[in-house]
Each structure stands twice: as structure tokens, then as C-alpha cells.
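The numbers here are math on the coordinates, done by the rules we state, and not lab data. Please read all numbers here as calculations on a predicted model, not as lab measurements. Here Cβ is always computed from backbone atoms with ideal geometry, including for glycine, and neighbour counts include all displayed protein chains.
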Ligand SMILES: C[S@@+](CC[C@H](N)C(=O)[O-])C[C@H]1O[C@@H](n2cnc3c(N)ncnc32)[C@H](O)[C@@H]1O
């Protein structure tokens, strides 16, 4: 894997550089207050809840969700708590190190990718969740 794959920046730093900033600061506003990050976090989780409710209304059963660019896995944990199996993909192995530190749900798997390929068979995922900037 090319060494510059994590060049995508967050406040002018690579994602790998900010991975140890804390569960929310690593992936939201690194220099932001706890209040602002909690607000963003809750807005994200509200969106994820809405996505699950929408899927459920459409008759979709709990299955496998792909969390593309999962960072330190805050939404991997959310979907896991809701009973979904989750695979989180990331270009930064440092983010996944952080993810393991914060804990992972039982039916979850993390994978470092090249940022393009998804290591899954076609049509093997029931939902894709992406919060990447
Ligand atoms: C704003 S953070 C969000 C992390 C996570 N989705 C969340 O909501 O907590 C963006 C993350 O996307 C990852 N990322 C950026 N481009 C990616 C790509 N092409 N493939 C996989 N991960 C990517 C970064 O390394 C970073 O961890």
C-alpha cells in the first residue's frame, strides 16, 4: 500500500496523525470543544437511527452494514449495539488501532483498505454507511 494513502487531511494533518486524539476529536473537530463534538456525534447518530428506521420500514432485516471510512469505529459500535454485523474499512491503520482501543462489538470486523477497493463479494452488504470528509 502506498505510504501516502492517508494524506487526506483533517485540520491540515493526515488522518493517521490525529488518530490518537480521542474517540470524537480524532474524527470530528480535533481542536473542538467536547460540547461541539458531542453535538456533531449526536447528529450523526440521529442520522444513523433514521437510516435504520427507514430500512426497517422498507422491510429490511438486520444484516451486514459496511461502515466505509470508519475511523475509530464510533458508528461500528452504534450499529453493533443495534444488532447489526459490521465491517469497518479504513485507509489509516492508526485509526483502526484506536478503534480496537475503544472496543468493538462482537459481530464486527475491521479492515485496512487502499481507500478504493472494498474487500467483500458483490451484493454481500445490506447497508453502506459513510461519514468521510
Ligand atoms: C471524518 S473521519 C470519520 C470517521 C468515521 N466515519 C466516523 O464517522 O466516526 C473520516 C475517516 O475516513 C477515512 N477515510 C478517508 N478516505 C477514505 C477512503 N477512501 N477509504 C477508507 N477510509 C477513508 C479517514 O482515514 C478518517 O478516519
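Per-residue Cβ neighbour counts within 10 Å put 81, 23 in the sequence 81, 23, beginning with the fewest.
Compared with the alpha-carbon gap, the fully stretched path from residue 45 to residue 101 is longer by 18.1 nm at 0.36 nm per residue. Taking Cα atoms only, the orientation of helix 34-57 departs from the longest principal axis of the chain by about 20 degrees. Give me the extension gain from residue 118 to residue 38: residue separation times 0.36 nm, minus the current Cα-Cα distance, reported in nm with one decimal. Gain on stretching residue 118 to residue 38: 25.8 nm.
Does region 59-133 come out rounded, prolate or oblate by the C-alpha gyration tensor, with a ≥ b ≥ c the root eigenvalues, rounded set by a/c under 1.5 and, if not, prolate when a/b is larger than b/c and oblate if not? Note, shape of region 59-133 comes out oblate.
Rounded, prolate or oblate for the chain? Axes are the square roots of the Cα gyration tensor eigenvalues, ordered a ≥ b ≥ c, and the cut-off for rounded is a/c under 1.5. Oblate shape, in that a/c is at least 1.5 and b/c is the bigger or equal ratio.
Would you mind ranking 42, 16 so that the residue whose beta carbon has the fewest other beta carbons within 10 Å leads the list?
In order of increasing Cβ crowding within 10 Å: 42, 16.
What is the gain in length, in nm to one decimal, between residue 56 and residue 20 on full extension, counting 0.36 nm per residue of separation less the C-alpha to C-alpha distance?
Fully extending the segment from residue 56 to residue 20 adds 9.4 nm.
Using a cutoff of 8 angstrom between alpha carbon atoms and counting only pairs six or more residues apart, the relative contact order for region 9-130 works out to 25 percent. Rounded to the nearest 500, the 222 nm mean residue ellipticity of the chain from helices alone is -10500 deg cm²/dmol, with -39,500 (n - 2.57) taken per DSSP H run of at least 4 residues.
Going by neighbour counts of Cβ atoms within 10 Å, the residues 28, 104 line up, fewest first, as 104, 28.
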